[in-house]
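Peer 1: Quick one: the structure is below, questions incoming.
Every number in this text was worked out from the coordinates using simple rules, so none of it is lab data. Only a predicted model underlies this, so the values are computations on that prediction, with no experimental measurement involved. Positions of Cβ are generated from backbone atoms using ideal geometry, with glycine treated the same way; all protein chains shown enter the neighbour counts.
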Amino acid sequence: MTKPFDPEQTPAPRRTGPLSGLRSSFLTGIIVIAPIALTIWFIWSLMGFVDSVVLPLVPDRFNPGNYFDINLRGLGVVIFLIFTVIVGWIAKGLIGRSLIRFGESLVHRMPVVRSIYSGVKQIAETVFAESDRNFEKACLIEYPRKGIWAIGFISTEAKGELAQRILSDRGPLMSVFLPTTPNPTSGFLLYVPREDLIVLEMSVEDAAKLIISAGLVYPNPKDPSRPAEAA
């Protein structure tokens, strides 16, 4: 008969050898170097990609790279940022808004293009728009059945037709986003009575780290407001 799992059972000590210290130092070095190296590589590659797209669109007489004998990495990023700020400044004005409405009216007449444009615009507004709407708290809910707990994020209280159609004697309904592991961008939208939620003290960021790491990175047990640490 299989013995039940005991989380407090002390595992057998690992065998130590002459190379154990060297192996431990090597793995520690990898843990320190890998995030830094990958971050630098990603930023460097992203700058090169933006340069390759933006710089060919700049006229030769306005391209500062043509006046230097060295490769100015990131020049395209600077030009793109300046151009984006100028476009945003114009779009906030009356003339800019009129031009945008006129352009969108033309796009909406194109069957395939309007679907692509509407989808991309909705994603961009959701990700980049300045808004105070975000997840309020991390919480625990019983899912997919009682006795099994999952981490979710409380967004808002249910309103309108949802609040009228679903009447609960356990308090107002709360919309809860239940993310999946290790990709928290996908998940389920659940409406749960407030009374059935256990609000956590940990921040939304720490809860997201816990989900992404599959339960390996926990917030500081003494001070939940401090950064998460490995369990």
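Peer 1: Run the quick spin-label model on SER186 and TYR67: label points 7 Å from Cα toward the beta carbon, then report their separation in nm to one decimal.
Peer 2: Computed distance between label sites SER186 and TYR67 equals 5.0 nm.
Peer 1: Work out the count of Lys pairs in the stretch 137-230 where the Cα-Cα distance is under 23 Å, with the pair 8 or more places apart or on different chains.
Peer 2: Pairs that pass both the separation and distance tests number 5.
Peer 1: Another question, if that's okay. Across the stretch 90-96, in residue order, what do the Karplus-derived ³J(HN,Hα) couplings come to in whole Hz, using 6.51 cos²θ - 1.76 cosθ + 1.60 with θ = phi - 60° and x for Gly and Pro?
Peer 2: 5, 5, 6, x, 5, 5, x
Peer 1: Would you work out the Kirkwood radius for the stretch 137-230? I mean one over the mean of 1/r across all pairs of different Cα atoms, in Å.
Peer 2: 14.0 Å
Peer 1: Nearest 0.05, what FRET efficiency do LYS159 and ILE43 give at R0 = 41 Å with Cβ-Cβ as r?
Peer 2: That pair, LYS159 with ILE43, gives E of 0.50.
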